[in-house]
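Chemist: Dropping a structure here in structure tokens format, bear with me for questions.
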Amino acid sequence: MRPGEERPLEGGACSGVSQLELLKLRAAERIDEAAERLGALSRAIWSEPELAYEEHRAHGVLTRFFEREPPAASWAVQPHYQLATAFRAEWEPLGVRAARRPLQLGFLCEYDALPGIGHACGHNLIAEVGAAAALGVKGALEGLPGPPPPVKVVVLGTPAEEDGGGKIDLIEAGAFKNLDVVFMAHPSQENAAYLPDVAEHDVIVKYYGKASHAAAYPWEGVNALDAAVLAYNNLSVLRQQMKPTWRVHGIIKSGGVKPNIIPSYSELIYYFRAPSMKELPVLTKKAEDCFRAAALATGCTVEIKGGAHDYYNVLPNKSLWKAYIENGKKLGIEFISEDAMLNGPSGSTDFGNVTFVVPGIHPYFYIGSNALNHTEQYTEAAGSQEAQFYTLRTAKALAMTALDVIFKPELLERIKEDFKLQLQEEEFLNTVE
């Protein structure tokens, strides 16, 4: 096959770009046909927010959605897949030639909420995008005459993005094994095919001192609150020597029970972020030295406990994001510039860990509001009817990009090559081979 040429569509009806574009139109039509059900799915998740690893209702809503998706039993659904609130739904076109390994495309759904403010990061829309894009690809491939291409569409329900890292649990359980490319999209204030989400490590720091009467004999006490305050101030002083791309933020969760009792216990929670997993340990070491110095200065003992999982930085896949931009523009999506994309503000996500084991794309999309994520205003926007248009448009762009991956072998090869090059840059290549 010559460079730039698409794989002939199975069945012999016709081939080339024009037929592929017709398939993309069919994918978009299929999403529009399911719009009411998809909107109801999103609203059901949004209306009853659940925290990480506790998304039992959302899990039930999503698994029933695929179990009941017509025609009956077309999706093989595995509830409680590896985790209590994770699931897996698979579809393969009938008549696939068993001798050929199917190309496996994964579509990820998130559905956990934030404490106190619900779906202020729009994870109900992430679940909807993943489900809608998968339906679009399925609908396009079902319309092909003759033997279909060897493809498997996999939807993974991935809980606990906000706290804990459900995708990392699923990686460790082998859920991403044999997937070739993964797709998801995240609500934002703008349309960006990629944002440089950074690596993150969180810690809980506990100081143990000795209680005493704060007025009668304070010299008998060892003040754990003093240690916490010193640690906080140590990190504030450290900021002058921190790189501009590093982030440190935390809270004092516990600092005593009564003013006339020298606090015998204090607790802090901190997040450290750096652009890459190569830099994150350097920042972490500096911060932990600050914690230990505070213990030494006050006579307290200190316990530093890291989180269950580090969130890795999201690896870019330029070939994949360029295909997504091309498809998005056909739908009227206006993207920010590449310079703004690569230098814009970002957070952290466990999807970063996924990009170290399989090529993937995690674009951001506007939902009709300028409200900022993690605010009550964004919660309202994520549940609005206006957000539906933008959410389904994004799902169409993902589905169209997935069809490019299926029918353009050269694109798939470029995506795999980009993936390997990024791993080499991160010095992680040997860990995934």
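The values are calculated or read from the model by the stated rules, or taken from the named source; none is laboratory data. Owing to the predicted nature of the structure, the values given are computational and were not obtained by experimental measurement. Cβ placement follows ideal geometry from the backbone for every residue including glycine, while neighbour counts extend to all protein chains displayed. Areas reflect the complete protein model, heavy atoms only, side chains present, ligands, DNA and RNA absent. Shrake-Rupley method; radii C 1.70, N 1.55, O 1.52, S 1.80 Å.
Chemist: Considering only residues that are open to solvent by less than 70 Å² (accessible area, probe 1.4 Å), at pLDDT 95 or above and touching a strand residue (DSSP E or B) at 6+ places or on another chain (Cβ under 8 Å), which ones fall in the stretch 61-86?
Modeler: Once the filter is applied, which keeps residues that are open to solvent by less than 70 Å² (accessible area, probe 1.4 Å), at pLDDT 95 or above and touching a strand residue (DSSP E or B) at 6+ places or on another chain (Cβ under 8 Å), the stretch 61-86 yields L62, T63, F66, W75, A76, V77, P79, Y81, T85, A86.
Chemist: What are the pairs, 6+ residues apart or on separate chains, where a residue within the stretch 333-361 that is farther than 10 Å from L195 by Cβ and outside the structural domain of G174 (by the TED database) has its Cβ under 7 Å from a residue that is open to solvent by less than 30 Å² (accessible area, probe 1.4 Å) and assigned to a loop (DSSP other than H, G, I, E, B)?
Modeler: Final answer for the pair search is none.
Chemist: Run T401 past the list (1) within 20 Å of F176 (Cα to Cα); (2) open to solvent by 10 Å² or more (accessible area, probe 1.4 Å); (3) among the polar types (S, T, N, Q) and report the number of the one that doesn't hold.
Modeler: For T401, the exception is condition (2).
Chemist: Listed residues Q422, Q388; which is closer than 19 Å to A28 by Cα and touching a Ser or Thr at 6+ places or on another chain (Cβ under 9 Å)?
Modeler: After ruling out the rest, the residue left standing is Q388.
Chemist: Output the qualifying pairs, or none if there are none: Cβ atoms under 8 angstrom, residues six or more apart or on different chains, first residue in the stretch 146-169 and closer than 13 Å to A113 by Cα and surrounded by fewer than 20 Cβ atoms within 10 Å (Cβ to Cβ), second residue of a type in the set (A, V, I, L, M) and at pLDDT 95 or above.
Modeler: Taking only residues 6 or more apart or on different chains, the pairs are D163/L51; D163/A52; G164/A52.
Chemist: Is it true that T394 is among the polar types (S, T, N, Q), under 21 Å from K177 (Cα atoms) and within 16 Å of the chain's Cα centre (by Cα)? I'd like the intermediate steps shown before the answer.
Modeler: Values: among the polar types (S, T, N, Q): yes; under 21 Å from K177 (Cα atoms): no; within 16 Å of the chain's Cα centre (by Cα): yes.
Against the criterion (among the polar types (S, T, N, Q), under 21 Å from K177 (Cα atoms) and within 16 Å of the chain's Cα centre (by Cα)), T394 does not qualify.
Chemist: Continuing with this model, one more query. Is at least one residue of the stretch 132-140 surrounded by fewer than 24 Cβ atoms within 10 Å (Cβ to Cβ) and either free of Cβ contacts under 8 Å to residues at least 40 places away in the same chain or touching an Asp or Glu at 6+ places or on another chain (Cβ under 6 Å) (or both)?
Modeler: No: zero hits.
Chemist: Do we find a residue being in a loop (DSSP other than H, G, I, E, B) and within 11 Å of the chain's Cα centre (by Cα) anywhere in the stretch 142-156?
Modeler: Scanning the stretch 142-156, I find no residue that is in a loop (DSSP other than H, G, I, E, B) and within 11 Å of the chain's Cα centre (by Cα), so the answer is no.
Chemist: Tell me, which residue of the stretch 115-126 that is crowded, with 20+ Cβ neighbours inside 10 Å and out of contact with any helix residue (DSSP H, G or I) (no Cβ under 6 Å at 6 or more places or on another chain) is farthest from S42 (Cα to Cα)?
Modeler: Initially, the stretch 115-126 is screened for residues crowded, with 20+ Cβ neighbours inside 10 Å, giving 118-126.
This time we only want the ones that are out of contact with any helix residue (DSSP H, G or I) (no Cβ under 6 Å at 6 or more places or on another chain), so: 121, 123, 126.
On the way: C121: 13, H123: 9, I126: 9 Å.
In this case the residue turns out to be C121.
Chemist: Would you tally the residues in the stretch 20-34 being crowded, with 17+ Cβ neighbours inside 10 Å, assigned to a helix (DSSP H, G or I) and not β-branched (V, I, T)?
Modeler: Here the count works out to 7.
Chemist: State the number of residues belonging to the stretch 45-72 that are touching a helix residue (DSSP H, G or I) at 6+ places or on another chain (Cβ under 7 Å), part of a helix (DSSP H, G or I) and either within 14 Å of G157 (Cβ to Cβ) or outside the structural domain of G166 (by the TED database) (or both).
Modeler: Total meeting the criteria: 5.
Chemist: Right, next: Just name the residue that is farthest from the chain's Cα centre (by Cα) out of those in the stretch 269-289 that are open to solvent by less than 10 Å² (accessible area, probe 1.4 Å) and within 27 Å of L225 (Cα to Cα).
Modeler: So, considering only residues that are open to solvent by less than 10 Å² (accessible area, probe 1.4 Å) and within 27 Å of L225 (Cα to Cα), the one farthest from the chain's Cα centre (by Cα) is A287.
Chemist: Tell me the residue from T391, T375 that is crowded, with 24+ Cβ neighbours inside 10 Å and not assigned by the TED database to the domain that holds G250, please.
Modeler: Sole residue among the options that is crowded, with 24+ Cβ neighbours inside 10 Å and not assigned by the TED database to the domain that holds G250: T391.
Chemist: Residue pairs, Cβ under 9 Å, 6 or more apart or interchain, first in the stretch 171-196 and touching a residue at least 40 places away in the same chain (Cβ under 8 Å), second polar (S, T, N, Q) and part of a strand (DSSP E or B). List them.
Modeler: Within 9 Å, the pairs are N178/Q104; L179/Q104; D180/Q104; V181/Q104; L195/S188.
Chemist: What is the residue count in the stretch 222-263 for residues that are part of a loop (DSSP other than H, G, I, E, B) and open to solvent by 50 Å² or more (accessible area, probe 1.4 Å)?
Modeler: Residues meeting the conditions: 7.
Chemist: Answer yes if at least one residue in the stretch 200-211 is surrounded by fewer than 17 Cβ atoms within 10 Å (Cβ to Cβ), over 24 Å from D310 (Cβ atoms) and of a type outside the set (F, W, Y), and no otherwise.
Modeler: The answer is yes; a qualifying residue exists.
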